[in-house]
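A short write-up of the structure that comes next.
The values are calculated or read from the model by the stated rules, or taken from the named source; none is laboratory data. Note that this is a predicted model, so its numbers are computed, not measured. Note that each Cβ is placed from the backbone with ideal geometry, even for glycine, and that neighbours are counted across all protein chains shown. With ligands, DNA and RNA removed, areas are computed over all heavy atoms of the protein, side chains included. Shrake-Rupley method; radii C 1.70, N 1.55, O 1.52, S 1.80 Å.
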Amino acid sequence: MNQVVHFQPDADFRQRSRAAVNDPAQRRNFRGAMDFLQEKRRAQFADRDELAGLRELGEAIRRYSLARLPQLLEQLERNLVANGIRVHWAETADEANAIALDIARSHDARTIAKGKSMVSEEIGFNHAMADAGIDAFETDMGEYIVELAGEKPSHIIMPAIHKTKQEIAALFAEKIPGVDYTEDVDELIRIGRKVLRRKFAEADIGLSGVNFAVAETGTLCLVENEGNGRMCTTVPKVHIAVTGIEKVVEKLEHVLPLYSLLTRSATGQTITTYFNMISHPRQPGEKDGPGEVHLILIDNGRSQAYADEQLRATLQCIRCGACMNHCPVYARIGGHAYGTTYPGPIGAIVSPHMLGLAATYPLAFASTLCGACVEVCPVKIPITDILVRLRNEAQARPGGADASLRGSGAGRSALASALWKAWSLIYSRLGLYRLTSWFISRGHQLSPTDQGAWTRCRTPLKPAARRLRDLLHERKR
Ligand code: SF4
């Protein structure tokens with residue numbers, strides 16, 4: 001599979017995670033940000049019954065849309081084309097970038113103003129354009145900050161969430177000519193806006209993502225707060241939208257519940273400042289809007305997930321980021337440690353489609369399986385079940401019958417394999433399990449104080465002196 005974005009090996013993931021855990025300032029930043037986002041979401045969903053009903057509906061719409069995905073994609077293409085929007089299909093990241101490059105070259109474009117798009121991050125869009133001598137620059141404030149810092153987003157909704165206002169103030173003072181250090185947040189935003197506004201006016205092409213693509217009307221919906229998405233899709237003379245093939249829904253009425261779930265789960269907002277619906281290029285008599293609109297529909301491993309009954313659920317995702325905000329592992333190590341475009345629980349289950357399980361299997365193990373992500377996911381993706389499935393596959397024989405993702409099985413080491421086999425043997429035989437637990441409880445004093453990675457930042461695990469079974473027996477007597 002030809003990919004642009006590469007995951008760093010397991011050893012690097014461990015190293016990055018360790019460094020993040022040992023960075024108290026970063027941990028404080030993430031903990032504070034996650035607590036804030038959790039509270040905002042909680043306030044939006046005070047009515048538990050309403051939340052339950054909305055989640056049921058959201059899940060049903062996403063499952064229905066995926067069940068009819070091939071037909072809906074064809075219907076979407078038909079209606080987009082009828083509306084004057086050009087549709088392109090890309091199987092890989094390279095293909096998507098090549099299509100965008102062709103469009104840019106046909107317009108002699110030198111600059112591309114980008115609205116926030118995780119799919120463009122996924123395909124390494126900026127690098128591909130830079131290699132071709134085209135300046136693709138970020139216009140979302142968070143993306144602009146991480147771009148200025150030479151970093152990648154650490155969160156799918158709030159790309160610069162790892163940065164404090166002091167760090168952003170120092171960055172602006174260092175990188176933007178004529179700007180003095182200020183910690184005034186409104187002033188920092190004003191500075192960023194001023195720089196970007198000039199660039200919008202000069203951009204040859206605008207690029208955006210798509211939150212929902214409506215098949216029945218041929219409409220691209222874009223959710224945002226800053227207005228930069230609207231600028232990218234209306235100011236330049238050409239608009240290119242990029243999205244994964246799973247974003248299609250059948251009807252306009254399907255968008256509303258998903259939109260409500262998205263904004264309330266993501267940022268704790270009832271509604272975002274902007275909701276853009278793009279159905280065609282500029283029409284005769286209209287004063288603004290691009291003369292040309294293109295949509296690039298990207299597969300990049302999604303068909304592979306679609307073909308598998310259990311993994312198909314990963315395509316239900318509406319990219320709200322709530323699973324990350326509630327994940328105890330993400331809150332500790334932050335987004336960069338994952339090394340993938342999509343971090344956190346969602347990253348652990350979608351990255352294998354894009355990059356192969358062999359390259360990304362450590363992410364499936366970076367979870368306590370506490371289930372917080374499953375509880376908050378607005379479209380009820382069974383994330384922990386999928387994580388367990390990926391763990392099992394990573395331990396399976398390479399190329400074996402269970403291999404459903406390219407590169408599957410490469411995560412097994414001889415020692416890990418032997419340990420899991422022994423574990424499986426003990427747990428599948430009641431007598432053996434009782435005997436083993438008896439021995440372990442009697443020898444609890446012998447448990448080592450140094451338990452490798454676990455004890456680097458936690459107290460050692462020690463078996464209980466008496467088994468639960470023994471305690472229950474005593475109570476019965
Ligand atoms: S998996 Fe669920 S909670 Fe996580 S980003 Fe996707 S929709 Fe949101």
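Some values worked out for this structure:
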{"item": "Rounded to the nearest 10 Å², the accessible area of residue 423 at probe 1.4 Å", "result": "140 Å²"}
{"item": "Dipole magnitude of region 10-303 about its Cα centre (Cβ charges: Lys, Arg +1; Asp, Glu -1), debye to nearest 20", "result": "480 debye"}
{"item": "Whole-number accessible area per residue in Å² for region 415-475, which is evaluated in the context of all protein chains at 1.4 Å", "result": "82 Å²"}
{"item": "Cysteines (scope the chain) whose Cβ has no counterpart Cys Cβ under 4.7 Å", "result": "221, 232, 317, 320, 327, 370, 377, 457"}
{"item": "Solvent-accessible heavy-atom area per residue, rounded to whole Å², over region 10-303 at 1.4 Å", "result": "44 Å²"}
{"item": "Accessible-area order (highest first, 1.4 angstrom probe) of the listed residues 287, 152", "result": "287, 152"}
{"item": "Debye, to nearest 20: dipole size of region 13-96, +1 on Lys, Arg Cβ, -1 on Asp, Glu Cβ", "result": "540 debye"}
{"item": "Label-point gap, in nm, between residue 438 and residue 202 - each point 7 angstrom along Cα→Cβ", "result": "8.0 nm"}
{"item": "Rounded to the nearest 10 Å², the accessible area of residue 385 at probe 1.4 Å", "result": "90 Å²"}
{"item": "Options 416, 460, 431, ranked by Cα towards positive dipole end of region 414-476, top entry (Cβ charges)", "result": "431"}
{"item": "Peptides ranked, highest mean first, by Cβ atoms within 10 Å: ranges 104-111, 89-96", "result": "89-96, 104-111"}
{"item": "Hz values of 3J(HN,Hα) by residue in region 50-58 - Karplus curve (6.51, -1.76, 1.60), Gly and Pro given as x", "result": "5, 4, 4, x, 5, 5, 4, 5, x"}
{"item": "Euclidean distance of C-alpha centroids, region 301-350 and region 215-258, integer Å", "result": "22 Å"}
{"item": "For region 10-303, with +1 on Lys and Arg beta carbons and -1 on Asp and Glu, the positive-most of 85, 24, 148 along the dipole", "result": "24"}
{"item": "Listed peptides 308-316, 245-253 by packing density, highest first (mean Cβ within 10 Å)", "result": "245-253, 308-316"}
{"item": "Rh (Kirkwood; distinct C-alpha pairs) - region 414-476, Å", "result": "13.6 Å"}
{"item": "In Å², nearest 10: area of residue 279 left accessible to a 1.4 Å probe", "result": "30 Å²"}
{"item": "Theoretical ellipticity at 222 nm over the chain - DSSP helices of four or more residues, -39500 (n - 2.57) apiece, nearest 500", "result": "-15000 deg cm²/dmol"}
{"item": "By accessible area with a 1.4 Å probe, ligands and nucleic acids excluded, highest first: order of 138, 74, 174", "result": "174, 74, 138"}
{"item": "Burial ranking of peptide ranges 124-134, 200-210 (average Cβ count within 10 Å, highest at the top)", "result": "200-210, 124-134"}
{"item": "Taking the C-alpha atoms of the chain, convex hull volume expressed per residue in Å³", "result": "172 Å³"}
{"item": "Positive minus negative residues near residue 265 (Lys, Arg vs Asp, Glu; Cβ under 15 Å)", "result": "+3"}
{"item": "Protein accessible area in the chain, 1.4 Å probe - carbon and sulfur %", "result": "54 percent"}
